[in-house]
1. Taking θ = phi - 60°, what integer Hz values does the Karplus form 6.51 cos²θ - 1.76 cosθ + 1.60 yield along the range 115-122, in sequence order, with x for Gly and Pro?
2. Name the aspartates and glutamates eligible as straight-distance cross-link partners of Lys142: C-alpha to C-alpha under 12 Å, and not fewer than 8 places from it in the same chain.
3. Using each residue's phi in the range 126-143, evaluate 6.51 cos²θ - 1.76 cosθ + 1.60 at θ = phi - 60° and report the 3J(HN,Hα) Karplus result to the nearest Hz, with x for Gly and Pro.
4. Would you calculate the separation in nanometres between label points at Ser147 and Thr71, each defined as 7 Å from the Cα along the Cα-to-beta-carbon direction?
5. Express the accessible area of the range 20-129 per residue in Å², computed with a 1.4 Å probe while the remaining protein chains stay in the model.
6. On a full-extension model of 0.36 nm per residue, what is the gain between Gln113 and Thr132, subtracting their alpha-carbon distance, rounded to one decimal in nm?
7. Mind listing the long-range amide H neighbours of Phe59? Cut-off is under 5 Å, sequence gap 5 or more, other chains count too, H placed in the peptide plane at 1.01 Å from N.
8. With point charges of +1 on the Cβ of Lys and Arg and -1 on the Cβ of Asp and Glu, referenced to the Cα centre of the range 16-155, which listed residue (Leu83, Ile96, Phe47) lies farthest in the positive direction of the dipole?
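The values are calculated or read from the model by the stated rules, or taken from the named source; none is laboratory data. Just so you know, these numbers come straight off a predicted model, no measurement behind them. For neighbour counting, all protein chains shown are included, and Cβ atoms are generated from backbone atoms with ideal geometry for every residue, glycine included. Note: accessible area is taken over every heavy atom of the protein model, side chains too, but ligands, DNA and RNA are not part of it. Shrake-Rupley method; radii C 1.70, N 1.55, O 1.52, S 1.80 Å.
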Amino acid sequence: MTAETLSRRVLLGGGLVTALSGTEAVAQATAQAFVETLYRPYLKAGFQGQPYGDTARFFVPALAQAMDRDTREAKRRNEVPTLNGDPFVDAQDWEISKLSIDVTGNGDAATAQVSFQNFGEAKRVLLELVKTPAGWRIADIKAPSGSLKALYKLK
């Protein structure tokens with residue numbers, strides 16, 4: 001491999017990393033973008049849901065740790081974990097339509113009201129959001145079935 005070929009590959013690789021990093025930064029730039037990136041895929045037929053088991057990707061550290069601990073303990077006991085459904089749509093099964101996302105807030109905190117229909121039934125969830133060094137994360141989800149923080153007995 002010549003020095004010129006190596007230089008081109010390094011430049012191309014660096015550009016690709018920059019492009020990918022830029023896309024991730026855009027996804028995390030605003031609370032609105034974070035919530036839209038989270039919910040838009042639910043409108044696609046056959047979408048299996050966000051991998052909410054990857055807790056650090058979605059939730060603030062305290063909530064993520066509580067969820068992970070509960071999952072580990074349930075697995076050890078061969079039981080179903082406390083969270084038994086998709087927290088983003090407050091259901092075990094879904095067919096999402098008529099999605100509406102309204103984010104308000106300023107600085108490092110925001111609230112998102114997410115409204116949608118699941119199998120034709122109107123639903124609304126409220127997300128409390130916090131900007132962390134890793135980007136926007138969910139501090140709580142309040143849904144008709146209850147609150148995630150309450151479910152895990154967090155203050």
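1. 10, 6, 10, 10, 6, x, 9, 5
2. Once the sequence-local aspartates and glutamates are set aside, what remains near Lys142 is Asp90, Glu128.
3. Karplus values, whole Hz, x for Gly and Pro: 10, 10, 8, 10, 9, 8, 10, x, 8, x, 5, 9, 8, 8, 6, 10, 10, 9.
4. 2.3
5. For the range 20-129, the solvent-accessible area averages 58 Å² per residue.
6. Numbers: separation 19, 0.36 × 19 = 6.84 nm, distance 1.99 nm.
Net length gain for the segment: 4.8 nm.
7. Those lying under 5 Å, H to H, from Phe59 are Ile138.
8. The residue sitting farthest along the positive end of the dipole is Leu83.
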